[in-house]
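Everything on this sheet refers to the single structure shown next.
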Amino acid sequence: HSQETFLPDIVVCPDTFAKCEAIEEGLPAERLEVCTLPFYDDIEPFHSSKSDGVEEDSLELLFISETHARDFGREPGASGPLGDFLGYSEFSVRDDIYNGLNSFDRNIRVTEKLHPSSSTVYDIFSPTTTFSWDIETGGYLESLIRRSHLVIGMRSAVLLQALAMSKPVVSYQPGLLG
């Protein structure tokens with residue numbers, strides 16, 4: 001038997017690259033429209049080697065947390081409303097960041113920006129004389145990015161925003177499946 005595919009009249013792609021990929025995947029070109037997000041048009045690159053409001057001898061990292069445990073499950077064999085376990089979650093990523101950085105002999109501050117829809121209560125990492133981990137539930141995202149030396153995330157669109165603001169970005173997805 002055959003499977004029928006139903007598509008909307010128009011499929012919006014964020015850029016021409018995504019449109020080309022959609023065509024390669026078999027979507028009809030006549031239904032694809034490129035429509036960039038106007039939000040990104042207003043982003044101005046941050047032209048400074050220093051980060052706003054950060055001491056010169058310290059390293060300020062911004063971790064953009066997401067809701068992967070809720071959306072995809074927290075462990076192998078688990079799943080969530082958006083699909084199967086990805087091989088990692090915000091919990092394993094934050095543990096890796098903490099374990100990788102807390103022993104450095106340098107002042108490091110990590111600010112974890114929670115996803116707006118997150119209702120999870122996270123463990124608080126104990127600060128040391130050179131390492132601290134803060135959790136931010138609100139705050140103005142652009143100012144958090146501006147004061148950071150590095151932005152770490154999984155696959156959030158905020159990583160693109162930080163890159164557009166000329167900030168170094170790391171997309172960390174350990175154990176990614178598929």
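The values are calculated or read from the model by the stated rules, or taken from the named source; none is laboratory data. As the structure is a computational prediction, the values presented were derived from the model and not from experiment. Don't worry about glycine lacking a Cβ; one is built from the backbone with ideal geometry, like all the others, and counts go over all protein chains shown. Quick note on the areas: whole protein, heavy atoms, side chains included, nothing else; ligands and nucleic acids left out. Shrake-Rupley method; radii C 1.70, N 1.55, O 1.52, S 1.80 Å.
With Cβ to Cβ distances under 14 Å as the rule, what net charge do the other residues near Asp95 carry (K, R +1; D, E -1)?
Result for the neighbourhood of Asp95: -3.
Dipole of the chain (Lys/Arg Cβ +1, Asp/Glu Cβ -1, origin at the Cα centre): which of Leu160, Ala69, Ala22 lies farthest to the positive side?
Toward the positive end, the furthest listed residue is Ala69.
Can you compute the equivalent ellipsoid semi-axes for the stretch 101-178, i.e. the square root of 5 times each eigenvalue of the Cα gyration tensor, sorted largest first and rounded to whole Å?
Over the Cα atoms of the stretch 101-178, the semi-axes work out to 20, 16, 15 Å.
What are the residues whose amide H is under 5 Å from the amide H of Phe63, where those residues sit 5 or more places off or on another chain and H is modelled from the backbone?
The list, which skips near neighbours in sequence, is Thr111, Glu112, Lys113, Ile152.
When the accessible area of the chain is split by element with a 1.4 Å probe, what percent falls to carbon and sulfur?
Reported share for carbon and sulfur atoms: 53 percent.
Take the alpha-carbon positions of the stretch 78-136, form their convex hull, and give its projected area averaged over all directions (one quarter of the hull surface) in nm².
4.8
Express as a percent, rounded to the nearest 5, the fraction of DSSP beta bridges in the chain (both residues included) that run antiparallel.
Taking every DSSP beta bridge within the chain, about 10 percent pair in antiparallel fashion.
Please compute the alpha carbon radius of gyration of the chain, then divide it by the globular-protein estimate 2.2 N^0.38 Å. Two decimals is fine.
Computed over Cα atoms of the chain, the ratio equals 1.22.
With r as the distance between the Cβ atoms of Ser117 and Phe6 and R0 = 41 Å, compute the FRET efficiency 1/(1 + (r/R0)^6) and round to 0.05.
For R0 = 41 Å, the calculated efficiency reads 0.90.
Give, rounded to the nearest 20 debye, the magnitude of the charge dipole that the chain has about its Cα centre when Lys and Arg contribute +1 at Cβ and Asp and Glu contribute -1 at Cβ.
Details: 13 positive and 29 negative charges, 70 e Å.
Dipole of the chain, to the nearest 20 debye: 340 debye.
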